[in-house]
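So the structure is just underneath, and the comments pick up after that.
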Amino acid sequence: SQTIHQWPATLVQPVGSPLSLECTVEGTSNPNLYWYRQAAGRGLQLLFYSVGIGQISSEVPQNLSASRPQDRQFILSSKKLLLSDSGFYLCAWSVTAAYQPQHFGDGTRLSIL
Amino acid sequence: TQLLEQSPQFLSIQEGENLTVYCNSSSVFSSLQWYRQEPGEGPVLLVTVVTGGEVKKLKRLTFQFGDARKDSSLHITAAQPGDTGLYLCAGLNSNSGYALNFGKGTSLLVTP
């Protein structure tokens, strides 16, 4: 069966520090991968998606970047965090087809001080 | 961007009551999905509706897709405390690698 791992679960970082969140998927090949951010108790905003290794598309201009160095690995990064980067970050995967569900990790709660 | 509006934003009811939450858009979607999310966890898919007018039932939950495929509703019969959570509707964004556009969600609290 397929599983998705996301870490760390929680992170507290000072303003201006770098960031690296990692997401890995097991049990499937060539998945579509996604990073979302969720404000407290609200909907999800798509940040990045990837349809293959090295292929990254950004949905919103921001202080963050994403990379996909391996087929089932998706990394969210920042060189210098801002207060506005606080939030709940969710990684997800899906197969490359319409009407298919997205499978989410358990998220990373990022707090910027 | 295809926007999805969910209502109500918050709903607090007692166990045994019925409720309906709505998801509306001015755009046509090829499909809509409903997810349920618990605090500190990722959303989990409840259902996908594809055909206009489609009705799907999942135990006490009934999902309907509007005839014009611009709206959907979720009806819960005899709500239970275990139904508590954030209910999110999401439409397929065909321009973003099958990513989803999410509504802001309906936060449901069912008290015993």
Percent relative contact order of chain B, based on C-alpha pairs within less than 8 angstrom and at least six residues apart? 36
Any lysines with Cα under 20 Å of the B:Lys70 Cα? List them, leaving off those in the same chain fewer than 8 positions away. B:Lys56, B:Lys57, B:Lys104
Averaged over the residues of A:48-58, the number of partner chain Cβ atoms within 10 Å of each residue's own Cβ comes to 2
Choice from A:Val12, A:Val25, A:Val95 showing the highest fluctuation, given a GNM over chain A with Cα pairs closer than 10 Å: A:Val12
How many percent of DSSP beta bridges within the protein assembly as shown run antiparallel, rounded to 5? 90
Averaging sequence separations of C-alpha pairs under 8 Å and six or more residues apart, then dividing by the length of chain A, give the relative contact order as a whole percent. 36
With springs connecting C-alpha atoms under 10 Å apart, model chain B as a Gaussian network and identify which of B:Gly91, B:Gly40, B:Gly16 has the largest mean-square fluctuation. B:Gly40
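Values quoted throughout were computed directly from the atomic coordinates according to the rules given, and no laboratory measurement underlies them. Note that the structure is predicted; figures quoted are calculated from it, not measured. Positions of Cβ are generated from backbone atoms using ideal geometry, with glycine treated the same way; all protein chains shown enter the neighbour counts.
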